[in-house]
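Take a look at the structure set out below.
The values are calculated or read from the model by the stated rules, or taken from the named source; none is laboratory data. No experiment lies behind these values; they were computed from the predicted model shown. Ideal geometry is used to build each Cβ from the backbone, glycine not excepted, and the neighbour counts take in all protein chains shown. In case anyone asks, the SASA skips ligands and DNA or RNA and just uses the protein heavy atoms, side chains included. Shrake-Rupley method; radii C 1.70, N 1.55, O 1.52, S 1.80 Å.
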Amino acid sequence: MTLMHHDTVEDIMRAEKGHELLRFLEKIPELDQLKIELIDGKIVMQASAAPFHNYIVALLTAQMISEGRMVLPEQALVSEISSFEPKADLTITTEEAVRNNPNPLPADRVDLVVEVVSSDRDSDYIKKRFWYAMSRIPLYLLIDPNECMIELYSEPDHLSYRRVDPYRFGDPVPLPEPFSFAVDTTRFKPYPPKLP
């Protein structure tokens, strides 16, 4: 990509070159420790997650693998909704769906995405949820260690999911077909209170 002296990042994003800028940033070694996503037309960079966040992701990974599922942490996803390229904390799919190793992974090959809320609640609760629904990802599991809450979104519609089932940490979270098992949340840890 060639930048003119008057181009700004917003100009590039409006020109739908956000994906190109994302690819460029992902190749910079100094940024390897960051999670870089395209969310609602903006590049979002986040430092690595806190231990309790990573622990929940690890527990879910182990459960999904034990059930025979393909688990992809921070996998870039794309669909016809061009101003997004999120990297869900976990993307759950099948080996068949990724047999040709596409990257970014088309959203229509995904059965479930998981987000564990960290610092940017709006991104997980609103922006990503809309994109996942508009991209027709069948299930979205949102885990909020701030509130000890879990929400399972299903039945994607044009702008959102038609169904949301709320749970608390410790509750089994039954997943519908093609999963037909319950996620064990008894070992999920809440974030400690923030200091003033």
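Applying a threshold of 8 Å to beta carbon distances and a minimum spacing of six or more residues, or different chains, the list of pairs starting in region 123-149 at a residue that is in a helix (DSSP H, G or I) and ending at one that is open to solvent by 50 Å² or more (accessible area, probe 1.4 Å) and among the aliphatic types (A, V, I, L, M) reads PHE130/LEU159; ALA133/LEU159; MET134/LEU159.
Between TYR167, TYR161, the distinction of being open to solvent by less than 80 Å² (accessible area, probe 1.4 Å), farther than 19 Å from GLU74 by Cβ and either touching a Phe, Trp or Tyr at 6+ places or on another chain (Cβ under 8 Å) or small (Gly, Ala, Ser) (or both) belongs to TYR161 only.
Of the residues VAL113, VAL71, the single one that is out of contact with any Asp or Glu (no Cβ under 6 Å at 6 or more places or on another chain), at pLDDT 95 or above, within 21 Å of VAL164 (Cβ to Cβ) and of a type in the set (A, V, I, L, M) is VAL113. With respect to ALA62, determine if the residue is among the aliphatic types (A, V, I, L, M), open to solvent by 30 Å² or more (accessible area, probe 1.4 Å) and more than 15 Å from PRO178 (Cβ to Cβ). Against the criterion (among the aliphatic types (A, V, I, L, M), open to solvent by 30 Å² or more (accessible area, probe 1.4 Å) and more than 15 Å from PRO178 (Cβ to Cβ)), ALA62 qualifies. Tell me, yes or no, whether region 107-116 has at least one residue that is touching a Ser or Thr at 6+ places or on another chain (Cβ under 6 Å), more than 16 Å from ILE150 (Cβ to Cβ) and open to solvent by less than 10 Å² (accessible area, probe 1.4 Å). Among the residues of region 107-116, at least one is touching a Ser or Thr at 6+ places or on another chain (Cβ under 6 Å), more than 16 Å from ILE150 (Cβ to Cβ) and open to solvent by less than 10 Å² (accessible area, probe 1.4 Å), which makes the answer yes.
Of all residues in region 159-188, those that are at positive phi have Cβ atoms under 7 Å from Cβ atoms of residues that are surrounded by fewer than 16 Cβ atoms within 10 Å (Cβ to Cβ), 6 or more apart or on another chain, in GLY170/THR186. The test for being at pLDDT below 80, buried (at least 17 other Cβ atoms within 10 Å of the Cβ) and under 16 Å from SER135 (Cβ atoms) holds for ILE39. Going by the conditions given, is SER83 open to solvent by 10 Å² or more (accessible area, probe 1.4 Å), under 24 Å from PHE24 (Cβ atoms) and in contact with a Gly (Cβ under 7 Å, 6 or more places away or on another chain)? Yes. When TYR161, TYR125, TYR191, TYR153 are checked against the criterion of being modelled with pLDDT of 95 or more, within 25 Å of ALA50 (Cα to Cα) and not β-branched (Val, Ile, Thr), TYR153 stands alone in meeting it.
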